[in-house]
Amino acid sequence: MNEVIQALFEVDQQERKEHPVYGSPEYWRLRERDAQRRRQLLEIIENNGLSAPEDYYHAAMVFQHGETVVEIQLAHTLAKHGAELGYRPARWLAAASLDRWLMYQGKPQKYGTQVVPDGKKQRVWDVDPTTTDRDRAKWDVPPLAEMHQRAEQVTKTEPMPPMDHVPWWLKEAIKRWSAEEDAQ
């Protein structure tokens, strides 16, 4: 296992134990440190520094916190490879990174791992209705009902983040969700 990759992963995870509020100066400093970690990992990847299944998982988790579709796609590729090499925790991450990749494009997620704020509550991002809980279980993803319960719990326990500068895909979804609610 690559010790540098493991250290980058551990710092990434440690910084998320007390995640700063979205939009705060601390949040933007975290995002810059995240970007530095991704740049360092990209150099390691380009120099063929990944070998153990855990390396792929650790690198994928850091890229899962990326900001672009390309970074999230790389997270998915890395996690999927880690899962194929037999590292069980990479299974869930492969599903979650696929969901985030789809979400960042404004598309429905496959497994239902992504929860987002809509200005009023937290909600599970739109999910492909053809995906079953059996499909989810194959990737160690909890049933969709459990994810909806998680969204409700987060709504109760965490403050709503500022919605001023949300990404385009979330702005579009909020408009659509609002229109759907008004039509009911």
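Bear in mind that the values in this text are calculations on the coordinates, not laboratory data. Bear in mind that the values here come from a model prediction, so they are computed numbers and not experimental data. All Cβ positions, glycine included, derive from the backbone under ideal geometry; neighbour counts span all protein chains shown.
Annotation: amide H of Arg123 within the under-5 Å range of Val116, Asp118, sequence separation 5 or more or interchain, hydrogens built in the peptide plane. Modelled spin-label separation between Lys156 and Val70, with each label point placed 7 Å from Cα along the Cα-to-Cβ direction: 4.3 nm. The lysine pair tally for the chain, using Cα distances under 15 Å and a gap of 8 or more places or different chains, is 11. Across segment 60-160, the volume of the C-alpha convex hull divided among the residues equals 100 Å³ per residue. Of the trypsin sites (Lys or Arg not before Pro) found in segment 70-178, those in coil by DSSP whose Cβ has at most 16 other Cβ atoms within 10 Å are Lys120, Lys121. Zone of Val21 (label point 7 Å along Cα→Cβ, backbone N under 18 Å): which residues in segment 133-174? Only 154-166 pass the distance filter. Taking all Cα pairs closer than 8 Å and separated by 6 or more residues, the relative contact order of segment 25-184 comes to 14 percent. What the phi angles of segment 80-87 give under the Karplus curve with 6.51, -1.76 and 1.60, with θ = phi - 60°, is a coupling list of 4, 5, x, 5, 4, 7, x, 8 Hz, glycine and proline written as x. For segment 10-89 versus segment 114-129, the spacing of their alpha-carbon centroids is 23 Å. Relative to the longest principal axis of the Cα atoms of the chain, helix 25-46 runs at roughly 40 degrees. Result for the chain in a Gaussian network model with C-alpha springs under 10 Å: among Pro159, Pro143, Pro117, the largest mean-square fluctuation is at Pro159.
In plain terms, if you count all Cα to Cα distances in segment 3-183 and split them into 10 Å steps from zero, the share in each step is 10, 33, 38, 17, 2, 0 percent.
Helix 168-183 versus the longest principal axis of the chain: what angle, 0 to 90°, nearest 10, using Cα atoms? Here the helix axis deviates by roughly 30 degrees.
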